[in-house]
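Working notes, structure below.
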Amino acid sequence: MKARELLERLQARFGDRLRDAVVRLNEVTIELAPEDLLETCRTLRDEKDFLFEQVVDICGVDYIDYGVDEWATEETTLTGFSRGVDPKTAGRLPGLEEDLSVETPQQDRRFAAVYHLLSVTHNHRLRIRVFAPDNALPVIPSVVEIWNGANWFEREAFDLFGILFEGHPDLRRILTDYGFIGHPFRKDFPLSGNVEVRYDPEKQRVVYQPVSIEPRVLVPRVIRGEEPEPMALDEADDSDGDAGADADQKE
C-alpha cells in the first residue's frame, strides 16, 4: 500500500479526529488529541484496512525551542569563533553564580509523544504524534494495553522527558540513576547537569556535589596557517620570468 492511499483511508475512517495528516518522504504522519489516542490505536490495530500489529518505537519530543537557533549558519569561516556566544535557547548552562534549576518555562504545545507503528500484513508504516495538554505536568494515555511492547518505550520517554503515561503498569525510570534530578532530554536541562560525582577519601565513598564545570560555548576551534601576502601582477610576471630563466640555465 502506498503512503497516499494509506492517508486517504485514514482520513475517510477518522475524519475530524485527525488534527493533522501529511505525507512527507513517503511516510504518513497523523496528529491526535490525547482523548482520542486509545480508541484510534485500537482501530488501527484491529481493523483489516490497517492491521498495525506492532509498535516499533515511542519517543518523546520537547518543542520548547523549535525553530530557534543561536548558531550563525552563514559565513561560518569568518565568524567561527563568534557563533553561539549569545544564549538564545533554553538548554544553555547558567553561570555558576545563578541558581541551577529544572523548572520548565511555559509554552504552548511543548511536549509530545511520537508513536511509530508497523503493519506486517500490509507492509506499511504510520507515525502518530500526540501533544500533552499541560506543559507543567505532561500526561498522555498509555498504550501498553494495546501493544505490550510499549512498556519500556513509555518508561524511556518518562525518564528522559518527564512525560507521564496514564495507566502504565510500572512507570519508573529506566536509564538514569535512582536519585537523578530532572529529565535530561528536556531542552531546558543544563548541558552539564545539576550535580557531579566524585570519590570522597575522607568519607570513603562516592558523593554527589553541585556541578563545578565552568560555563563555556562549545565552538570548534579552527586553526588557520599564515596566509601569504598578496602579490602584485607585475611582481607575478617577474617571478614567472625568473623561474623560466632558471629553468633555461639548468638545461
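The values are calculated or read from the model by the stated rules, or taken from the named source; none is laboratory data. What you see is a predicted model, and the numbers here were worked out from it, not measured in a lab. Neighbour counts are summed over all protein chains in view; Cβ atoms, including those assigned to glycine, are modelled from backbone coordinates with ideal geometry. Surface areas here come from the heavy atoms of the whole protein model, side chains and all, with no ligands, DNA or RNA. Shrake-Rupley method; radii C 1.70, N 1.55, O 1.52, S 1.80 Å.
A few points about this structure:
- Once C-alpha pairs closer than 8 Å and six or more residues apart are averaged by separation and normalised to the residue number of the range 122-216, the relative contact order reads 17 percent.
- To the nearest 10, the accessible area of residue 203 is 120 Å² with a 1.4 Å probe.
- Tensor-based shape of the range 104-176 (alpha-carbon gyration tensor, a/c under 1.5 rounded, otherwise prolate or oblate): oblate
- Phi-based couplings in Hz for the range 47-53 (Karplus 6.51, -1.76, 1.60; Gly and Pro marked x): 6, 5, 6, 10, 6, 7, 6
- Amide H contacts under 5 Å for residue 56, placed H, 5+ residues apart: 116, 117, 118
- Summarising the label geometry, the points placed 7 Å from Cα in the beta-carbon direction at residue 57 and residue 213 lie 2.5 nm from one another.
- Treating r as the C-beta distance of residue 118 and residue 202 and R0 as 41 Å, the FRET efficiency rounds to 0.15.
- Amide hydrogen neighbours beyond the local backbone of residue 28, cut-off 5 Å, H modeled: 127
- Cα→Cβ-extended label distance, 7 Å offset, between residue 108 and residue 136, nm: 1.9
- FRET efficiency for residue 177 and residue 1, using Cβ-Cβ distance with R0 set to 35 Å, rounded to 0.05: 0.20
- Sparse-neighbour loop sites [GluC sites (Glu not before Pro); the range 112-168; at most 12 other C-beta within 10 Å; DSSP]: none
- In this structure, the amide hydrogen of residue 195, modeled 1.01 Å from its nitrogen in the peptide plane, lies closer than 5 angstrom to those of 211, counting only residues at least 5 positions away or on a different chain.
- List 63, 208, ordered by accessible area with a 1.4 Å probe, largest first: 208, 63
- For the range 16-71, the square roots of the Cα gyration tensor eigenvalues, ordered a ≥ b ≥ c, give a/c of at least 1.5 with a/b greater than b/c, which places it in the prolate category.
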